[in-house]
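Q: Let me give you the structure first, and then I'll get to my questions.
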Amino acid sequence: MLRALVAFVLAGLSVGALAHDLITAESAQTYLAVVTELQKTISSKEPAAKRARAHLDLGKTLDEIRELLNRDLAAHGRVQGLPSNFLMSELKARGAELALAPDKSRFLANLQHYREALKLEPSGPVAADAAFRLFQGYFYDSFTSDPLRPGAQNRAQLAEQIRLGEWLLKMHPQHGEREEASFILAIHYMQAARAGRDAQEQAAFANKACALAGEFLKAYPDSMRAAALRHLLESLPAGS
């Protein structure tokens, strides 16, 4: 019952409520035109800030396409329609292919563009948005139904995500996606508490998870994420 509830809440949070129809011939051409222009900027000698923005925008464009394709997969078990399949083929030809998850249930986020944006512009609004998109995309792609069982995630990857989330909350406290960033970081703390090398490390991360979850519940008591956090907190090691 607990896992079913958490999975239901997270499923609703991981797929944005897009106001778009599914891909049409016209929208496929529009997407390809945008991708082409952004790739031109990325490969140009424009200032780093402009190329960083292009990487961010390309990542966001691919995320938008990915969400539409994932809606097709969820509804039909496969991508339907000539425009959608044409778009996928053309993205692959342009080196912007969307990768399928190992179980082929969904397309994964193309995180490399967010990493490149951060390299080119490690501070400022572009960096904040790229960091959040990277943080969010990695998290939702790391598990299937249970966020506390993140598939093949290793300790180094978890540590990297924790550092990224902590940096985002510290350096950009007014970011528009602070609610979700706090939610994801709290779950990463829970993962670290469960995977800790010893009781001391487990307790340290459990305390961080409890503290951040407490702040979240005070700041966003009516959020759907609050319900998920309350239940996930029950997974912390005994005595935390």
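Q: Normalised by the residues of the range 142-240, what does the relative contact order come to in percent, with Cα pairs under 8 Å and at least six apart?
A: On the way: 85 pairs, mean separation 23.7, N = 99.
It rounds to 24 percent for the range 142-240.
Q: Using modelled amide H (1.01 Å from N, peptide plane; none on Pro or chain starts), what sits under 5 Å from the amide H of L100, excluding residues fewer than 5 places away?
A: Here the answer is L108, since their amide H atoms fall under 5 Å of that of L100.
Q: Structure shown: which of K45/K208; K40/K170; K119/K208; K92/K170 lie over 32 Å apart, alpha-carbon to alpha-carbon?
A: Working: K45/K208 44 Å; K40/K170 34 Å; K119/K208 28 Å; K92/K170 37 Å.
Long pairs (Cα-Cα over 32 Å): K45/K208; K40/K170; K92/K170.
Q: How much length is gained if the chain between R194 and N85 is pulled fully straight, taking 0.36 nm per residue apart and subtracting their Cα-Cα distance, in nm to one decimal? Show your work: numbers first, answer last.
A: Numbers: separation 109, 0.36 × 109 = 39.24 nm, distance 4.14 nm.
Taking R194 through N85 to full extension adds about 35.1 nm, to one decimal.
Q: Which angle between 0 and 90 degrees, to the nearest 10, do you get for helix 82-93 versus the longest principal axis of the chain when only C-alpha atoms count?
A: So the helix axis and the longest Cα principal axis differ by about 80 degrees.
Q: Let me ask you something else. Normalising by the residue count of the chain, find the relative contact order in percent from Cα pairs under 8 Å and 6+ residues apart. Before the final figure, lay out the partial values.
A: On the way: 247 pairs, mean separation 40.6, N = 240.
Result for the chain is 17 percent.
Q: Against the longest principal axis of the chain, how steep is helix 178-195, in degrees 0 to 90 to the nearest 10, with axes from Cα atoms?
A: Helix 178-195 sits roughly 60 degrees off the main axis of the chain.
Q: Please list log₁₀ I(q)/I(0) at q = 0.07, 0.14, 0.17 Å⁻¹ for the chain, using the Debye equation with identical point scatterers on the alpha-carbon positions.
A: Once normalised to I(0) and log-transformed, intensities are -0.25, -0.98, -1.31.
Q: Can I ask one more? Debye sum, Cα scatterers, the range 142-240, no solvent: what log₁₀ I/I(0) at q = 0.24 1/Å?
A: Summing over Cα pairs of the range 142-240 leads to -1.41.
Q: Each residue of the range 26-33 in turn: what ³J(HN,Hα) in whole Hz from Karplus with 6.51, -1.76, 1.60 and θ = phi - 60°, glycine and Pro shown as x?
A: My calculation for the range 26-33 gives 5, 5, 4, 5, 5, 4, 5, 5 Hz in order.
Q: As a check on your grasp of the helix formula, calculate [θ] at 222 nm for the chain: sum -39500 (n - 2.57) over DSSP H runs of n ≥ 4, divide by the residue count, round to the nearest 500. Each step should come with its number before you reach the end.
A: Numbers: 10 runs with 163 residues, N = 240.
Mean residue ellipticity, 222 nm, calculated: -22500 deg cm²/dmol.
Q: Here's a follow-up. Which three extents, in angstrom, do the Cα atoms of the range 85-209 have along their principal axes, listed largest first?
A: Sorted from largest, the Cα extents of the range 85-209 read 52, 36, 22 Å.
Q: Also: Taking amide H atoms as placed 1.01 Å from N in the peptide plane, list the residues 5 or more away in sequence, or in a different chain, whose amide H sits under 5 Å from that of L236.
A: Result for L236 returns nothing.
Where a number appears in this text, it was derived from the coordinates with a stated rule and is not lab data. It should be emphasised that the depicted structure is a prediction, and the values quoted were computed from it without experimental measurement.
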